[in-house]
1. Of the conditions (1) closer than 15 Å to residue 56 by Cβ; (2) free of Cβ contacts under 8 Å to residues at least 12 places away in the same chain, residue 81 clears all except one; give me its number.
2. When you check residue 10 against the structure, is it within 16 Å of the chain's Cα centre (by Cα), free of Cβ contacts under 8 Å to residues at least 60 places away in the same chain, exposed (fewer than 12 other Cβ atoms within 10 Å of the Cβ) and assigned to a helix (DSSP H, G or I), yes or no?
3. State whether one or more residues within the stretch 104-124 are under 18 Å from residue 52 (Cβ atoms) and either in contact with a strand residue (DSSP E or B) (Cβ under 8 Å, 6 or more places away or on another chain) or crowded, with 17+ Cβ neighbours inside 10 Å (or both).
4. Looking at the stretch 62-177, what helices (runs of 4 or more DSSP H) fall wholly within it and have at least 3 residues that are touching a helix residue (DSSP H, G or I) at 6+ places or on another chain (Cβ under 6 Å)?
5. Among the numbered conditions (1) more than 17 Å from the chain's Cα centre (by Cα); (2) within 29 Å of residue 47 (Cα to Cα); (3) modelled with pLDDT of 95 or more; (4) surrounded by fewer than 16 Cβ atoms within 10 Å (Cβ to Cβ), tell me where residue 97 comes up short.
6. Would you point out which residue out of 62, 155, 115 is more than 21 Å from residue 43 (Cβ to Cβ) and over 20 Å from the mean Cα position of the chain (by Cα)?
């Protein structure tokens with residue numbers, strides 16, 4: 001669980017950096033590729049997804065501040081050179097909105113978008129992160145389907161892990177012997 005705004009912002013910074021890394025790995029044709037089928041979010045292209053990620057950061061910051069569930073305007077993501085800029089601007093804005101909020105707000109309750117009930121502030125911030133990872137995964141899936149090799153999430157593929165697994169088993173056997 002999140003116990004401080006500073007801790008959350010450090011965690012978010014890693015999520016943000018992985019989004020930038022994944023977008024930087026895309027080839028130029030990613031700017032014009034469109035999903036072959038789908039409706040709504042399932043039909044969004046990569047520029048639309050990047051804009052959605054960037055503006056959603058402001059959306060969840062507003063919810064955290066108890067300013068309602070209101071989506072801010074979309075940034076310009078019309079070309080790949082604007083993608084990183086849009087994400088950087090939204091990350092700076094998120095940091096500015098959150099950094100001086102008291103840690104007690106993590107436990108403060110905010111109203112749901114509809115109906116009765118509330119959410120804890122920490123839950124709203126986790127929704128921000130989970131939402132972003134969801135859409136970054138969507139972009140990475142598009143990359144994989146197009147043969148654009150999305151980056152490994154933490155620098156090692158499943159195949160790379162499998163190669164190292166025998167050494168790990170030996171280390172544990174020696175340790176436990």
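1. The number of the failed condition is (1).
2. Details: within 16 Å of the chain's Cα centre (by Cα): yes; free of Cβ contacts under 8 Å to residues at least 60 places away in the same chain: yes; exposed (fewer than 12 other Cβ atoms within 10 Å of the Cβ): yes; assigned to a helix (DSSP H, G or I): yes.
Yes.
3. Going through the stretch 104-124, the residues under 18 Å from residue 52 (Cβ atoms) turn out to be 113, 124.
Still in the list and also either in contact with a strand residue (DSSP E or B) (Cβ under 8 Å, 6 or more places away or on another chain) or crowded, with 17+ Cβ neighbours inside 10 Å (or both): 124.
Yes, the stretch 104-124 has at least one match.
4. Details: elements: 80-98, 121-145, 158-176.
Those helices (runs of 4 or more DSSP H) span 80-98, 121-145.
5. All conditions pass for residue 97, except number (4).
6. Working: 62 fails: over 20 Å from the mean Cα position of the chain (by Cα); 155 fails: over 20 Å from the mean Cα position of the chain (by Cα).
Going through 62, 155, 115 in turn, the sole match is 115.
The values are calculated or read from the model by the stated rules, or taken from the named source; none is laboratory data. Values in this document were obtained by computation on a predicted structure and should not be read as measured data. Cβ atoms come from the backbone with ideal geometry, glycine included; neighbour counts cover every protein chain shown.
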